[in-house]
């Protein structure tokens, strides 16, 4: 989440706190991370679309989901234009943070150790998403 950027969906801190669960708020608005293996969407395999829990915009499709063994839902590619990345230098590491391009919510990180064809692994906090079956 980039606080200085204007996103198509903007809410006050009070509005975010009201609409999100405490865990969603901690992860999506304060750049937190859920415990690995703790979200129901980790094993979701039905055809459908994973959407942002903050604004409802489509983020990832099941056809790009794969089992990474990390404990978080992982995808090769996002829906075109749905996510943005920024450099995350927290915790003594340099990583690419993934956030929703529509509301700026923190989703997770992207790594260059995924399977073909993209070689990318979008490692996403499950509570930051909802699932819409096809």
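All of the numbers you see were taken from the coordinates with simple rules; none came from a lab. The structure presented is a predicted model; accordingly, all values stated were derived computationally and were not measured. Here Cβ is always computed from backbone atoms with ideal geometry, including for glycine, and neighbour counts include all displayed protein chains.
Summary table
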item	result
Relative contact order computed over region 19-81 (Cα-Cα under 8 Å; 6+ residues apart), in percent	26 percent
Relative contact order [Cα under 8 Å, 6+ residues apart], region 13-133, whole percent	28 percent
Extended-chain gain in nm, criterion 0.36 nm per residue less alpha-carbon gap, residue 130 and residue 112	4.0 nm
Quarter of the Cα convex hull surface for region 1-79, i.e. its orientation-mean projected area (nm²)	5.8 nm²
Taking N as its residue count, the alpha carbon Rg of the chain over 2.2 N^0.38 Å	0.97
Part-to-part distance (alpha-carbon centres) for region 23-61 and region 73-123, which is given in Å	13 Å
Highest-first arrangement of 79-87, 27-35, 123-131, 48-56, where packing means the average Cβ count within 10 Å	123-131, 48-56, 27-35, 79-87
Simple label model, 7 Å out from Cα along Cβ direction - residue 96 to residue 12, nm	3.7 nm
Rg over Rh [alpha-carbon atoms, Kirkwood Rh] for region 68-119	0.96
Residue of 78, 22, 58 that the Gaussian network model of the chain assigns the largest fluctuation, springs spanning Cα pairs under 10 Å	22
Highest-MSF residue in the chain out of 77, 13, 113 [GNM, Cα springs under 10 Å]	13
Segment residue 43-residue 88, length gained on full extension (0.36 nm per residue, minus Cα span)	13.5 nm
